[in-house]
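Novice: Quick one: structure below, then a few questions.
Just so it is clear, none of the values below were taken in a lab; they were calculated from the coordinates. As the structure is a computational prediction, the values presented were derived from the model and not from experiment. Note that we place each Cβ from the backbone using ideal geometry, even for glycine, and neighbour counts take in every protein chain shown.
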Amino acid sequence: MSLFTSLSELRKWVVVILVGLVLFFGYKYFTTTSNETTVEYDTNLIQQQIKNVGKLVVTEGHFAEVLTYKVQKKTYLPGLTFDKKALVVINADVTVGFDLSKVTYDIDAENKILTITNIPKEEIKISPDIKYYNIESSTFNEFTGDDYNKINKIAKENLAKKIEKSTLKSNAQNRLLSELTKMLVLTNSMGWTLQYKGNIIQKETDLKL
């Protein structure tokens, strides 16, 4: 085999190797860029959806109560007391809400996992309208600011008990879960995984507060 033939063969192999390297790095370049672009797009879309969900969910209710407030002041004389009393009518508007802007997430773009790290407790606001009727007092046992403060405290405590027994809180929680379910639909459609409290959320009933 002549020197010319050997050089010709060598050139052919060099060309083949160079073409192979160009094809290989070209493939790596385009596929890597595509993957990075997809991950970035997915992450941006999830972040935007989180912003859309981040609103205030509120459930409203109305409660009414009538109570009799009575304080008796005894004296040293048997059977002699100084009384004060009042009929109190309370009407209250109550809201139970979740501020979804306070829900925090962790986005693992590499493994396509969205983790809900914190769901805030509900915020309960009670706006009572208190009216007093048939107020009776005596010179030695008059109504004072402390009495009105006590009545206000008793009214709010009684209302809080009624709220606990009502469906107001559960209705608010259901609305919250309905909003969070939008994240489940999005992650499922994109091939991501949604997690909360170490559990993988596959369906709406898996989301529990």
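Novice: Could you name the aspartates and glutamates whose alpha carbon sits less than 18 Å from that of Lys162, not counting residues in the same chain fewer than 8 places away?
Specialist: Glu60, Glu65, Asp93, Glu122, Glu123, Asp129
Novice: Just in region 78-177: which trypsin sites (Lys or Arg not before Pro) are loop by DSSP and have at most 14 other Cβ atoms within 10 Å?
Specialist: Hits after loop and neighbour filter: Lys121.
Novice: So if I take the centroid of the Cα atoms in region 153-182 and the same for region 191-209, what is the distance between those two points in Å?
Specialist: 23 Å
Novice: Of Lys85/Lys161; Lys131/Lys169; Lys55/Lys182, which sit over 20 Å apart, Cα to Cα?
Specialist: Checking Cα-Cα distances, Lys85/Lys161; Lys131/Lys169 exceed 20 Å.
Novice: Take the residue pairs Lys73/Lys125; Lys84/Lys150; Lys156/Lys197 and return only those whose Cα atoms are more than 23 Å apart.
Specialist: The pairs that break the limit, which is 23 Å between Cα atoms, are Lys73/Lys125; Lys156/Lys197.
Novice: Could I ask something else about it? log10 I(q)/I(0), Debye, Cα-only region 104-209, no solvent, q = 0.13, 0.20 Å⁻¹?
Specialist: The computed values of log10 I(q)/I(0) come out as -0.66, -1.04.
Novice: Summing +1 for each Lys or Arg and -1 for each Asp or Glu, what net charge is found among the other residues whose Cβ lies under 12 Å from the Cβ of Met190?
Specialist: Net charge around Met190: 0.
Novice: Counting only Cα, what are the radius of gyration and maximum Cα-Cα distance Dmax of region 85-163, in Å?
Specialist: 22.2, 77
Novice: May I ask for the net charge around His62, where only other residues with Cβ less than 12 Å from the Cβ of His62 are counted and Lys, Arg are +1 while Asp, Glu are -1?
Specialist: -3
Novice: I've got another one for you. Hand me the chymotrypsin sites (Phe, Trp or Tyr not before Pro) from region 95-201 located in a DSSP loop with no more than 13 other Cβ atoms within 10 Å, in residue order please.
Specialist: Phe140
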